[in-house]
1. Residues that are of a type in the set (D, E, K, R) and either under 15 Å from Val283 (Cα atoms) or within 16 Å of the ligand (Cβ to nearest atom) (or both): does segment 72-82 have at least one?
2. Which one of Leu194, Leu198 is modelled with pLDDT of 95 or more, out of contact with any Lys or Arg (no Cβ under 7 Å at 6 or more places or on another chain), within 27 Å of Leu333 (Cα to Cα) and not in a loop (DSSP other than H, G, I, E, B)?
3. Kindly provide the set of residues from segment 115-158 that are hydrophobic (A, V, I, L, M, F, W, C), within 16 Å of the ligand (Cβ to nearest atom) and in a helix (DSSP H, G or I), ordered by number.
4. Tell me, which strands (runs of 3 or more DSSP E) wholly within segment 201-261 include 3 or more residues that are within 11 Å of the ligand (Cβ to nearest atom)?
5. Going by what's in this entry, would Arg291 be described as surrounded by 17 or more Cβ atoms within 10 Å (Cβ to Cβ), more than 15 Å from the ligand (Cβ to nearest atom), farther than 17 Å from Arg369 by Cα and of a type in the set (D, E, K, R)?
6. Among the residues of segment 275-295, which ones are in a loop (DSSP other than H, G, I, E, B) and either touching a residue at least 12 places away in the same chain (Cβ under 8 Å) or in contact with an Asp or Glu (Cβ under 7 Å, 6 or more places away or on another chain) (or both)?
7. Hey, Phe95 hits all of (1) more than 22 Å from Ile279 (Cβ to Cβ); (2) in a helix (DSSP H, G or I); (3) away from the ligand (no atom under 16 Å from the Cβ) but one; which does it fall short on?
8. Only residues that are in a loop (DSSP other than H, G, I, E, B) and within 27 Å of the chain's Cα centre (by Cα): list them for segment 44-70, please.
Amino acid sequence: MISEKMVSLVQNSSVIRAMFEEGRELANIYGEENVFDFSIGNPSVEPPIEVKEAIIDIITNDSPNLVHGYMNNSGYEDVREVVAKHINNTHGTTFVGENIVMTVGAAGGLNVIFKALLNKDDEVIVFAPYFGEYRNYVSNYDGVLVEISPNTVDFQPNLDEFKKKITIKTKAVIVNTPNNPTGVVYSEETICKLASILEEKQKEFGTSIYLISDEPYRELVYDGVEVPYLTKYYKNTVVGYSYSKSLSLPGERIGYLVLPSEMDDFLNVSAAVNVANRILGYVNAPSLMQRVVARCIDAKVDVEIYNRNREELYNNLTAFGYHCIKPQGAFYLFIEALGGDDFAFANAAKKHNILIVPGTSFGCPGYCRIAYCVDYSKVTGALAGFEKLVKEYQ
Ligand code: PLP
């Protein structure tokens, strides 16, 4: 009796569920400490102390009807102002509160912007490898996902193919940098080229193409790498931000969209996003968390803890003979699947109690994702298994 569209979504969901259950089963047989689950991007570093202090202070001292009440569907005005000022101070932009819409995490933000922009059969371009949920977010509004094949040399987007695949129906392009699953940060050179292709194609087709920058990992970067702020390179950019990773608050569902005033049809897009937040049933982003993030605007998790895992894994795996790009951000390592078949390789890893995700889920077969947002002991504990695994393929 469920809708036709939901049938395959439910089936796909059971595959992910099965992986989770398998992890539980392994833990029951071998003991929790002997299972190395690198399958999920759930932050392992605790939220900064400022978050707890802010929650206690707000609950204790602020008016309950303000803290827990309804507000503008786009969020509290004062919170939006604080967020805009913070972005300006960090990136030299000139946003005001009206350019910010508080959202239910990045996922809520992406759904809201697609609801606002997409007509049936509008095309949304993604660069493989990409976060698999984009398929569902685009399909929710009857859009068509158009994949650009991966550039496995350095995992920067394949811009030649991109140029060819833009059509009169292209409504949006998603970029995710630092990237899930590769950890790669798109360079300024890449962004400039991408922006100029979009400008050229907008002119050619007489359309507006929105660049959606999905950046929940912006704060998780290593070795001082710079992540370009995309509104400065292309005016039709919408930024989707989330505190799920930067403050380790994924269950609290808080983030925001940035809609620059200079984007095409700004007033209508803003109005549509505001209504979309309401009618998708979110109504508004969680009220307490809006007030918390405004108080913790300069706080972020201790990235050094992830960095230690990154160094340990990368140095050891490459020494064992695995091939991967050294990630510059996020908390993922994307390794070439030994033997070439990512499903077979993930299954072989499971025999060593190591759980990793086949790259096919990210539109990139032949690779597997290791989420190293785990305790350091899990990283060191898994190394012997990774070493045995490589020997099995020699
Ligand atoms: N986009 C990417 C690339 C992600 O990896 C995730 C979550 O892992 C999301 C969006 C969703 O994030 P949120 O928890 O803020 O909805």
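The values are calculated or read from the model by the stated rules, or taken from the named source; none is laboratory data. Please read these numbers as outputs of a predicted model, since none were measured by experiment. Here Cβ is always computed from backbone atoms with ideal geometry, including for glycine, and neighbour counts include all displayed protein chains.
1. The initial filter retains those residues of segment 72-82 that are of a type in the set (D, E, K, R), namely 77-78, 80-81.
Still in the running and either under 15 Å from Val283 (Cα atoms) or within 16 Å of the ligand (Cβ to nearest atom) (or both): none.
No - not one qualifying residue is present in segment 72-82.
2. On the way: Leu198 fails: within 27 Å of Leu333 (Cα to Cα).
Of the residues listed, the single one that is modelled with pLDDT of 95 or more, out of contact with any Lys or Arg (no Cβ under 7 Å at 6 or more places or on another chain), within 27 Å of Leu333 (Cα to Cα) and not in a loop (DSSP other than H, G, I, E, B) is Leu194.
3. Val138
4. On the way: elements: 210-214, 237-242, 255-258.
Qualifying strands (runs of 3 or more DSSP E): 210-214, 237-242.
5. Working: surrounded by 17 or more Cβ atoms within 10 Å (Cβ to Cβ): yes; more than 15 Å from the ligand (Cβ to nearest atom): yes; farther than 17 Å from Arg369 by Cα: yes; of a type in the set (D, E, K, R): yes.
Answer is yes for this residue.
6. First pass over segment 275-295, keeping only residues in a loop (DSSP other than H, G, I, E, B): 280-286.
Matches in segment 275-295: Leu280, Tyr282, Val283, Asn284, Ala285, Pro286.
7. With (1) more than 22 Å from Ile279 (Cβ to Cβ); (2) in a helix (DSSP H, G or I); (3) away from the ligand (no atom under 16 Å from the Cβ) applied to Phe95, the lone miss is (2).
8. Narrowing segment 44-70 to residues in a loop (DSSP other than H, G, I, E, B): 44-48, 62-63, 68-70.
Scanning segment 44-70 gives Ser44, Val45, Glu46, Pro47, Pro48.
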